[in-house]
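What follows is a short report on a single structure.
The values are calculated or read from the model by the stated rules, or taken from the named source; none is laboratory data. A quick note: this is a predicted structure, and the numbers were derived from the prediction, not measured. Positions of Cβ are backbone-derived with ideal geometry, glycine not excepted, and every protein chain shown enters the neighbour counts. Surface areas here come from the heavy atoms of the whole protein model, side chains and all, with no ligands, DNA or RNA. Shrake-Rupley method; radii C 1.70, N 1.55, O 1.52, S 1.80 Å.
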Amino acid sequence: MNPLELAASHNRWSDLPVAEKLLLFGGLLVAALLVPPPGGHVAILAVCCYCALALARVPARIYLAALLAPVAFLVLGTGPLVLDLVDWRLVVDPGGVDTAWRTVSRAIAATAATITLACTTPVADLLAAGRRAGLPAPLAHVVDTTYRLIGLLIDSARTLRHSHDLRLGHRTARAAITSVGTQFASVFVLSVRRARAIDDAMSMRAERGQTAVLAEAAPVSAARLLVICLVLVSVSILGVLT
């Protein structure tokens, strides 16, 4: 299991009903798309961090790493919005600056809601909830298989990179190019073998093209639903007023 999946399976919120977490973080995601920046988005980010770090007790190192990775990508992606090419010179577009910071603010808030849901809810629980809600079995199988295969390939690539480092595979530019090419080739071969092995293993647990997970539906608490609704309403009002 990758660190994100371990964090999702071993936190104080891992046993809470999926419907409650979907309502909370799905509502925050919708609020991030609808409320204007910056007040509402700051509140959404604060609620997500508080839920993950203080209430669910997700490891801060894993949560912040999962949150900062897409945030860094978002910040780097604002270049085309901020910069404009005039007479073969890059100039800052004032209108683009306003659009960029609004886009980044909205995207960070939405990303925080998504990452917090991922860090507090195992994939097996999400798939089980989706199947109960009518998600087609083949689609759930593809999602589960792809998720597991990506985790295995990341771990394999990390192991291969470490082994090449130990053999001084990156000591020169030519050696580094050869090493990277070898790693890509090895990962490709491993991906085919691992995909076949995962498909065979999962077909032994259920019918081929289906996924069987041991995840029971936990009862929903009316008190928690009320608190979630109050949080969503408060965040929305704060976003509109500020």
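Descriptive notes on the structure:
- 3 or more residues in contact (Cβ under 8 Å) with a residue 24 or more places away in the chain and under 13 Å from residue 116 (Cβ atoms): qualifying helices (runs of 4 or more DSSP H) within region 32-84: 39-49, 60-76
- The combined condition, being modelled with pLDDT of 80 or more, surrounded by fewer than 13 Cβ atoms within 10 Å (Cβ to Cβ) and over 21 Å from the mean Cα position of the chain (by Cα), is not fulfilled by residue 217.
- Positions within region 14-35 being open to solvent by 20 Å² or more (accessible area, probe 1.4 Å) and over 19 Å from residue 230 (Cα atoms), in sequence order: 15
- Within region 178-202, residues that are without any contact (Cβ under 8 Å) to a residue 12 or more places away in the chain reach no partner that is of a type in the set (Phe, Trp, Tyr) and surrounded by 16 or more Cβ atoms within 10 Å (Cβ to Cβ) with beta carbons closer than 8 Å at six or more positions or on different chains.
- Exactly one residue out of 190, 139, 153 is at pLDDT 75 or above, open to solvent by less than 80 Å² (accessible area, probe 1.4 Å) and under 22 Å from the mean Cα position of the chain (by Cα): that is 153.
- Scanning region 62-107 for residues that are open to solvent by 60 Å² or more (accessible area, probe 1.4 Å), farther than 26 Å from residue 231 by Cβ, out of contact with any strand residue (DSSP E or B) (no Cβ under 7 Å at 6 or more places or on another chain) and not hydrophobic (A, V, I, L, M, F, W, C) yields 80, 87, 89, 94, 98, 99.
- If you go through region 158-180 and keep only what is open to solvent by less than 40 Å² (accessible area, probe 1.4 Å) and part of a helix (DSSP H, G or I), you end up with 160, 163, 164, 175, 176, 179.
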